[in-house]
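Quick note: the coordinates plus some simple rules give every number you see, no bench work behind them. The structure presented is a predicted model; accordingly, all values stated were derived computationally and were not measured. Here Cβ is always computed from backbone atoms with ideal geometry, including for glycine, and neighbour counts include all displayed protein chains.
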Amino acid sequence: MTRLPLLALAGVLTLSACDTTEADEVVDLEAEVAADVEADPTTGRDPVTGAPIANNLFTLYDLDAGEIVLSSSETDASVRTADSTGTAWDIGFRGTTIIFNGGTSGPGQGSAQLLTEAFPDVTEAPASGYVGDGANTACPSVETPGGTFPGSPYALCTGDENGWYDYDPSQNLITPIPGRTIVLTTGDGDYAKVRILSYYHGNPTPPNPTAPSRYYTFEYVVQPDGSRDFLSTTAE
C-alpha cells in the first residue's frame with residue numbers, strides 16, 4: 001500500500017476543505033433601463049367630456065426579468081386574470097398611476113415608499129417605511145377640473161407634486177420631479193429602487209408634450225440576494 005507523506009496528506013485535506021467552503025462571489029449591481037413601457041396610452045378624447053379614451057388597464061412589469069408581463073393593450077379578461085394573479089410582476093403603470101404587486105393590487109409581497117433622495121445616493125433600501133397599495137392614508141386630496149377627490153388608494157400618492165411627477169397645465173406637460181426615488185419590495189419580497197426618467201415616447205430631451213404620452217422610461221436596480229444593499233450582490 002502506498003502511503004502519502006504527512007505534509008502531502010495535509011495539503012490534500014486543505015484543498016478539499018477549500019473546495020467545500022468556497023466563498024460566494026460578490027458582484028457589483030448596475031442600473032438597468034426600461035424604455036417606452038406603455039401605460040395605457042390614449043387613442044383620443046371623449047368629444048363630450050374631454051376625458052381621455054383608453055383601456056383603463058395597467059401594464060405589469062417584471063423587474064427581475066426586465067420585461068412586460070402583461071400589457072395594457074391586452075383586454076382579454078381571462079388572459080389578464082391569469083397573468084396578474086401571480087408574483088411574476090413587480091410594478092404596474094396606468095397613466096401617471098403606479099401600482100405594486102401586493103396589498104389591494106396583487107398577491108405578492110410588493111410595497112413601496114417615495115424618497116426625496118437622488119437615485120445614485122440611495123445605496124441601501126430603508127429598513128422600514130413601506131406601505132402596500134390600499135394602505136396609504138397620508139395622500140393629500142387631488143384637485144381636478146371635475147372637483148376635489150381623495151388622495152391615491154395606492155402606495156404612491158397621485159396628483160401634481162404629490163408623488164413622482166410635476167404637472168404644468170400651461171403646456172399640458174408631465175415631468176419627473178428631480179431627486180425622487182421609488183424604493184420597493186418586489187412581488188417576491190426583494191428590494192429594488194426605481195427612478196422615472198420620462199413619461200413620453202422616445203424619452204425626448206427636453207420633455208416634449210406633443211410626443212405620445214403614457215410611455216415610461218425608467219432606470220432601476222434590483223437586489224436579488226434578499227439584502228437591502230444596492231451596490232453589490234452575493235452570487236452563489
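Could you tell me whether segment 32-108 comes out rounded, prolate or oblate from its Cα gyration tensor? Rule is a ≥ b ≥ c as square roots of the eigenvalues, rounded for a/c under 1.5, then prolate if a/b exceeds b/c, otherwise oblate. Prolate shape, in that a/c is at least 1.5 and a/b is the bigger ratio.
For the chain, what is the charge dipole size about the Cα centre, in debye to the nearest 20, if Lys and Arg each add +1 at the Cβ and Asp and Glu each add -1 at the Cβ?
Values: 9 positive and 33 negative charges, 95 e Å.
About 460 debye.
Between residue 141 and residue 104, the distance separating the two model label sites (each 7 Å from Cα on the Cα→Cβ line) works out to 1.8 nm. What is the calculated FRET efficiency for residue 49 to residue 227, with r their C-beta to C-beta distance and R₀ = 45 Å, to the nearest 0.05? E(calc), rounded to 0.05, equals 0.40.
On the principal axes of its alpha carbon atoms, segment 97-207 extends 40, 33, 23 Å, with the longest extent given first. For segment 25-235, the convex hull drawn through the C-alpha positions has a volume of 123 cubic angstrom per residue.
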